[in-house]
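The values are calculated or read from the model by the stated rules, or taken from the named source; none is laboratory data. None of the values given here were measured: they were computed from a predicted structure. Note: ideal-geometry Cβ built from the backbone for every residue, glycine included; neighbour counts use all protein chains shown. Ligands, DNA and RNA are excluded from the accessible area calculation, which covers all protein heavy atoms including side chains. Shrake-Rupley method; radii C 1.70, N 1.55, O 1.52, S 1.80 Å.
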Amino acid sequence: MKSLFLKIFLSFWVAQALFLVLAILVTLAFRPRTSSWEALLATASNDSVNAYEQEGSRGLREYLQNLENTQHVRAFLFNENMEELSRRGAPDWAVRVAGGGPRTPHEGFIFPAPPPVLRDSRASSDGLHRYTLILAPPPGPRLFLGPRGLPIPGLFIAIISSGLVCYLLAWLLTMPVVRLRAATRQLAAGDLTARAGAPNIRRRVEVAGLMRDFDAMAERLENLVKAQSRLLNDISHELRSPLARLNVALGLARQRANPESAVMLDRIELEAGRLNELIGRLLTLARMEDGEQRVPSAPVLLDEVVLSVAEDAEFEAQARHCHVRSEIPSGSWEARGDASLLHSAIENVVRNAVRYTREGSTVEIHLERTTSPAGSEAVIRVSDCGDGVPSDALERIFQPFYRLDDARGRQTGGVGLGLAIAERAVRFHGGRVSAKNRAEGGLMVEIRLPLMAASISSHYPAALEAVPAGREHT
């Protein structure tokens, strides 16, 4: 049993039910045995015998009928031959009891028994006959269980009532835990606005205090992340102005510089370009983290985006004598989002692969379609032939400014923002990014993006007609 609610509910209910049953059994076990029933039995036995001896069956019948009307009991008088003397017709259970047997053939806790029956035997006035009086409540619903007279309706109502009370109690105890768990999941998924919703009333309840502490923690985390994002955004904006002035000064310096200074000016221009690119990425990352980057719902053709990225990366890879090869099956690859943002995400992954693959090797891009419980997805796999990534760093490579080796980062010009921007851009489009090392060496980054419903429906008719040839770019 994994549910805390069921554990609390069933524990309370079973305890309440056992308490009620034991209380009833103890009450029945120690209740007095003598009552007005025995006095009534003695009086009715004596009067019924007198009525039969003085007035016969008719007088006995009138007496027993009057007894039933006034005392609400049923009575039958038998002789030693088990004959009912009032001639009313005795039921089978009365005959059995008169003979000394039980009222029912099977009487116990499994088979419900009728109300208890009293039996009294006495001799006639002349001593020649033996009469037996059977006295029982009138017929009605069976309200008792077993020979001890355990009340079924009262026990049933008590168990149901205790079950309702235990249900409400278990719900009140577990609902704050359920809400706290849901808020924790939202916070872990990146929703910094998630709150457990602690009650405003300052009740001294441990769970309510825990919910208030969680809300305070979540609010503190949200403020810290927003402050960090605003700081990053402000710094990036402030760096743009001196960088623009640096580019203007660089242009003026080129006009007055001699040929010997051209190499140094080129180096300054290269570093200024890298700084400008870094600031642009910082701004993009800050907008994504702060929620300012809105993802439009415009159709995006992923096959064209992947093909464009592959062509640009192929040109860049020539500097390292590498190649970029893409496999794009024919069909509809329409997703919703920002084409520029998705292009930047895929480009960052491909450029990262080109940067770290071995010289003379090939970076492969595969576009595939898969079906998940959420719908159809496009899967973009980018594989390189580099050294791979340590297993404990596969998830951290998508964190901002994370680099495996500072020396390698300076050599390749990377600052650790490309994959971070790619991961957030894909996540904002409802997708996800993961990385794993290839068995043959190198790293494979997998991007999953949801496809539009129209793209899904248009895919299957084409598949029924024929399997078209895919596009391949090298």
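Of note:
- Only a single criterion out of (1) open to solvent by 60 Å² or more (accessible area, probe 1.4 Å); (2) modelled with pLDDT of 90 or more; (3) touching a strand residue (DSSP E or B) at 6+ places or on another chain (Cβ under 7 Å); (4) of a type outside the set (G, A, S) is not satisfied by R471, namely (2).
- Residues located in the stretch 24-41, provided they are at pLDDT below 75 and small (G, A, S): A29, S35, S36
- Residues satisfying the stated conditions in the stretch 274-287, i.e. of a type in the set (G, A, S) and either at pLDDT below 70 or open to solvent by 30 Å² or more (accessible area, probe 1.4 Å) (or both): A286
- Only one of the listed residues (L173, L239, L232, L210) is modelled with pLDDT under 80 and within 21 Å of the chain's Cα centre (by Cα). That residue is L173.
- Note on the stretch 50-97: among residues that are polar (S, T, N, Q) and not in a helix (DSSP H, G or I), the one that is surrounded by the most Cβ atoms within 10 Å (Cβ to Cβ) is S86.
- Cβ pairs under 6 Å, 6+ apart, first in the stretch 282-305 and farther than 16 Å from A227 by Cα, second modelled with pLDDT under 65 and in a helix (DSSP H, G or I): none
- Across the stretch 176-207, the qualifying residues are those that are at pLDDT below 80 and of a type in the set (G, A, S), and the one among them that is farthest from Q399 (Cα to Cα) is A198.
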